[in-house]
Amino acid sequence: MPGYEPFLLCDFHIHTRWSDGRLTLREVVDLYGETGQFDVIAITDQILMKKDLLARLGRVATLGRRNFGLREETFDDYLGEIRSEASRALRKYGMLVIPGAEVTQNSFRAKQNSHVIALGIKQYISADQPAIDVLREIRRQDGLSIACHPHHRTTRRVEISTCYLWDHRQELSDLVDVWEAANRDDLFSVTSLKQYPYVANSDFHKPKHLYSWKTLLKCDKTWPAVKRALRSNVDIALTLFRNGAWGAS
């Protein structure tokens, strides 16, 4: 779009077959890269609690062929594949690929549930610890945290609530770097009303999720620059990516 050339088109919430996504990591990179539009994406497969019931049911349904979450013993392999694909993506598509994970806490008590994206981390972060400790560990690793779908959705879906971070924002907001103001097709205006740093992501699991809310950043195409831009939340915008065309909201 004329006037928006300096902005980077970004998606910071993407799942692959390393957890519960439909595509392999390479297929995801090619899907985004072949649009010729995306500048920055983050691979954020899920780290689950050991007693995650949904993952257990999924493993039973797939006869153990899928784990639906990252394991500590293979986390270095996961980061290694991201590094390999990041090198290929930059060379082939000019696209920056950022490593990350979504630390996912689901329990029977919905008010305890939180999902936190950890970008730029170098070590596995257990989901079996309080959310505040997850956030502190992301900060210790010099990563960046994003509160995922932090509020109730306006559309009707059969989904668990993930409002713990929002419900405890007074004690946790200093540790949360960015909040999702848009996730796939949903908008969470409460984040901007509180003037928290915000971002828009697809929560990508399958190809049709490519067409969803995304983020525009005005910064250099490097991880340090992207991290600074997200934290400062200056020169940032939300955009809807639809059928290969995109425009600022």
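Nothing in this text is a laboratory measurement; each read-out follows from the coordinates by a stated rule. Please read these numbers as outputs of a predicted model, since none were measured by experiment. Here Cβ is always computed from backbone atoms with ideal geometry, including for glycine, and neighbour counts include all displayed protein chains.
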### Task
List every residue whose amide H lies under 5 Å from the amide H of residue 218, counting only residues 5 or more places away in sequence or on a different chain, with H placed 1.01 Å from N in the peptide plane.
8
### Linear extension gain, residue 87 paired with residue 37, 0.36 nm per residue minus alpha-carbon span
16.2 nm
### Task
Return the long-range amide H neighbours of residue 125 (sequence gap of 5 or more, or a different chain), with a cut-off of under 5 Å between placed amide H atoms.
none
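When averaged across all projection directions, what area in nm² does the alpha-carbon convex hull of the range 131-233 cover?
So the Cα hull casts an average projection of 7.3 nm².
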### Task
Given the peptides 135-143, 234-242, 174-182, arrange them by the average over their residues of other C-beta atoms within 10 Å, most packed first.
174-182, 135-143, 234-242
### Summary
Expressed to one decimal in nm², the mean projection of the alpha carbon convex hull of the range 73-153 is 6.7 nm²
### Query
Counting only the backbone N, which residues of the range 97-132 are under 16 Å from the spot 7 Å out from the Cα of residue 72 toward its beta-carbon?
103-104, 122-130
### Query
Full extension from residue 218 to residue 27: what is 0.36 nm times the residue separation minus their Cα-Cα distance, to one decimal in nm?
66.0 nm
### Query
How many nm separate the modelled label positions at residue 160 and residue 189, each set 7 Å beyond the Cα in the direction of the Cβ?
3.0 nm
